[in-house]
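Please treat every number below as a calculation from the coordinates, not as lab data. As the structure is a prediction and not an experimental result, all values here were calculated from the model. Cβ coordinates were reconstructed from backbone atoms using ideal geometry, including for glycine residues, and neighbour counts include every protein chain displayed.
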Amino acid sequence: SRVLVRRSLTTVSREMGPRGSREFRTFSLSLDTSGPPQARMLSRRMSFCPRGSLREVVDPVVLPPSLFEGIGGLKDLEEAIIEEEEEEKKETMLSIVTEVFIPFILAGLGMVAAGVLLSKVQYWDAFVDIPELIIMVPPLLGLKGNLEMTLASRISTQANLGRMETMGDRLTIARGNLALIQCQATVAGLVAALLAIAKSWAENGTANTSHVLLLATAAVLTATLASIVLASIMVLVVIVCRRFHLNPDNVATPVAASLGDITTLALLAGLSTLMHVKLGSYPWATPCLLGASFVALPLWVYISYRNPFTKEVLFHGWIPILLAIIISSGGGFILEYASARFEGLAAYQPVINGVAGNLVAVQASRISTYLHLNTDKGLLPSKEKTCVSPVGVFFGPCAHARTARILMLILIPGQVIFVFLVNRVEKPGGTLNGAFIGLYLTAAVLQVYILLHMARVLVYLLWTHKVDPDNATIPFLTAMGDLLGSGFLMAVYIILQVL
């Protein structure tokens, strides 16, 4: 993935001041963007601006490539540049491993903590009296993929495109994205609650009104509070990565994963217990909390609509999120069924799902950045195609295959560490033996293998249809990770029971 710097390729002009004016002016010289991608990638910016800025420029003017034929083409033009910008850094395998592995381990520790917490809270009064709460766990934990990891991918791409270099740009991007996240979290939390309620109504033929209000309020408050905290951290992480010349695609999404599960689960357990046990005698409290969340919704919509970086996502980013919630709810149904029958299973569910979502989000974010840097929407880089074989995803000639191999190599030792940690802290049912470890690792490898192949195909497919992969791929991929992980984990316990 070629990141960090994207050269400006726009030739611009501005009106000249009066004759004799001492005003400094800014010019940027390059080729027509319809030319070959190689020409665009190699261009440099001609800058004569002691005080000016490209932000002040108006009316872009594009010069045809034929204009430069007399000076020996692009090569001579490159040599004529007075000031060259910083060279792009090529990522080595060691740099990718270094940047990914430490955040990955930290993310895994957060997922281990979430798994241990889930194994405890499933026996709390609120979860026992309202079993629909356990159904909401996967879709709400999946919000880190629907919202925070999507945000991390989106702002990482903006940073790699050079759009977060000034404080004004950072504040604009942060303000719009935080408002957008609040808007999406409010709606997503309500949808997750409605799916759990619908499942309960289908089974029992009725629904308890107080339980319905508690589920909706707990889901919405959990989603909004977790999202505002995690989104703020994501913005800071990307800025710090740029400051220390790290690729935010490798760091931001694992950090989101490390904090997302434990934060979301703790909020869900705490808020639901508070409303069920402490506020149970105040029937007006839950509706008031839910109403307050929706009163703020128009404000978040307005701020997002007025922000140029989030306006498009506000209108076109809902389908991936809602689809992901529906898919993750399938994992919730599996979790509700399996956790009641297999002791200790709940402790491993956040780990197997979270690790897979973490790794596939890194890959999807890197591929998206690669496409943004190398070509325009609707077009693919030369000699590349949308569909590749399952083998080609890992052993193809492109850099994506190398990254996929690295992520798969990180997966196995990481999962071994996390399984031993869960067993050490929780000791769930004495299931940790050679057969369990072998079956668990097989399930985890198969899950990530499927997701990495889906990521490669889906990102390219959406790009050819002029859809921004940063907004559409990660929600779907992490939701599929939840569904596959929950299903594979239940299969592991079923096989162990048969053996």
With a ≥ b ≥ c the root eigenvalues of the C-alpha gyration tensor of the range 93-498, is it rounded (a/c under 1.5), prolate (a/b larger than b/c) or oblate?
-> oblate
Is the shape of the range 263-331 best called rounded, prolate or oblate, per the rule: a/c under 1.5 gives rounded, else a/b larger than b/c gives prolate, else oblate, with a ≥ b ≥ c the square roots of the Cα gyration tensor eigenvalues?
-> oblate
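Return a whole-number percent for the relative contact order of the range 93-498, with Cα pairs under 8 Å and 6 or more residues apart as the contact set. Please list the in-between numbers first.
Details: 608 pairs, mean separation 114.8, N = 406.
Across the range 93-498, relative contact order equals 28 percent.
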Can you list the HN-Hα couplings for the range 266-277, worked out from phi with the Karplus curve (6.51, -1.76, 1.60; θ = phi - 60°), rounded to whole Hz and with x for Gly and Pro?
-> 5, 5, 4, 5, x, 5, 5, 5, 4, 6, 7, 9
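Quick one: length gained pulling residue 201 to residue 343 fully straight, 0.36 nm per residue minus the C-alpha distance?
Values: separation 142, 0.36 × 142 = 51.12 nm, distance 2.67 nm.
Separation in residues times 0.36 nm, less the Cα-Cα distance, equals 48.5 nm.
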On full extension of the chain, what length is gained from residue 306 through residue 244, given 0.36 nm per residue of separation minus the C-alpha to C-alpha distance?
-> 19.2 nm
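Of the cross-linked pairs 199/311; 311/383; 311/385; 311/377, which ones have a Cα-Cα span greater than 24 Å in the structure shown? Numbers along the way, then the final one.
Details: 199/311 34 Å; 311/383 34 Å; 311/385 30 Å; 311/377 18 Å.
Among 199/311; 311/383; 311/385; 311/377, the Cα-Cα distance tops 24 Å for 199/311; 311/383; 311/385.
Which peptide among 435-441, 132-138 comes first, and what is the full order, when sorted by highest mean count of other Cβ atoms within 10 Å? Could you put the intermediate results ahead of the total?
Details: 435-441: 16.9, 132-138: 26.9.
Top to bottom by mean Cβ count within 10 Å: 132-138, 435-441.
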Could you give the nm distance between label points at residue 491 and residue 445, where each point is 7 Å from its Cα heading toward the beta carbon?
-> 1.5
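Highest mean first, what order results for 286-292, 342-348, 260-266 on Cβ atoms within 10 Å? If you can, show how the numbers build up before the last one.
Values: 286-292: 15.0, 342-348: 23.1, 260-266: 24.9.
Descending mean neighbour count gives 260-266, 342-348, 286-292.
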Residue 288 to residue 417: extension gain in nm, 0.36 nm per residue of separation minus the Cα-Cα distance?
-> 42.0 nm
If you plug each phi of the range 343-352 into the Karplus form 6.51 cos²θ - 1.76 cosθ + 1.60 with θ = phi - 60°, what whole-Hz ³J(HN,Hα) values come out, in order, with x for Gly and Pro?
-> 5, x, 4, 4, 5, 8, 4, x, 6, 5
HN-Hα J in Hz across the range 300-317 - Karplus 6.51, -1.76, 1.60, θ = phi - 60°, x for Gly and Pro = 5, 4, 5, 5, 5, 5, 7, 9, x, 7, 10, 4, 5, 5, 4, 8, 10, x
Quick calc: nm separation of the 7 Å Cα→Cβ label points for residue 376 and residue 169 -> 2.1
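Which of the peptides 211-217, 171-177 is most tightly packed, and how do the rest follow, judged by the mean count of other Cβ atoms within 10 Å per residue?
Values: 211-217: 22.4, 171-177: 19.3.
The peptides rank, most packed first, as 211-217, 171-177.
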Separation between Cα centres of the range 300-322 and the range 344-417, rounded to whole Å | 26
